[in-house]
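Everything below concerns the one structure shown next.
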């Protein structure tokens, strides 16, 4: 125990080192992008009359991820890029849910014939 306390000077250098939070902000920006895409899907589903439960879930996730990106540094390049890409992702998610999807008939490829 005494040796651990005697090494306190070396630990001060470690405690004063800055933690690279930009990497975490970029990861949260990617999560915000993902959440916004599925928020766009949910918005279209609610307009069609389906359940609003998933809409609120994706909305809360997107807002929390966006708020955490802004928490320490405010509005800077990373947050502007994250919010711009999240807005584009939301529009693409809504467009992807609105467009008609065609079902491929794979029976000939699977079973031959």
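The values are calculated or read from the model by the stated rules, or taken from the named source; none is laboratory data. Keep in mind the model is a prediction, meaning the values are calculated, not measured. Quick reminder, even Gly has a Cβ in these numbers, built from the backbone with ideal geometry, and neighbours come from all protein chains shown.
Here are the numbers:
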| quantity | calculated |
| --- | --- |
| Per-region count, the range 74-84, residues in a helix (DSSP H, G or I) and surrounded by fewer than 15 Cβ atoms within 10 Å (Cβ to Cβ) | 4 |
| Residue check, residue 58 modelled with pLDDT of 95 or more and more than 18 Å from the chain's Cα centre (by Cα) | no |
| Output for the range 54-73, where each listed residue is in contact (Cβ under 8 Å) with a residue 12 or more places away in the chain, farther than 22 Å from residue 42 by Cα and not in a loop (DSSP other than H, G, I, E, B) | 68, 69 |
| Some residue of the range 85-101 being in contact with a helix residue (DSSP H, G or I) (Cβ under 9 Å, 6 or more places away or on another chain) and outside any helix (DSSP H, G or I) | no |
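Quick grid of which residues meet (1) under 14 Å from the mean Cα position of the chain (by Cα); (2) surrounded by 14 or more Cβ atoms within 10 Å (Cβ to Cβ):
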residue: 66; (1), (2): yes, yes
residue: 72; (1), (2): no, no
residue: 91; (1), (2): no, no
residue: 94; (1), (2): no, yes
residue: 97; (1), (2): no, yes
residue: 101; (1), (2): no, no
residue: 111; (1), (2): no, no
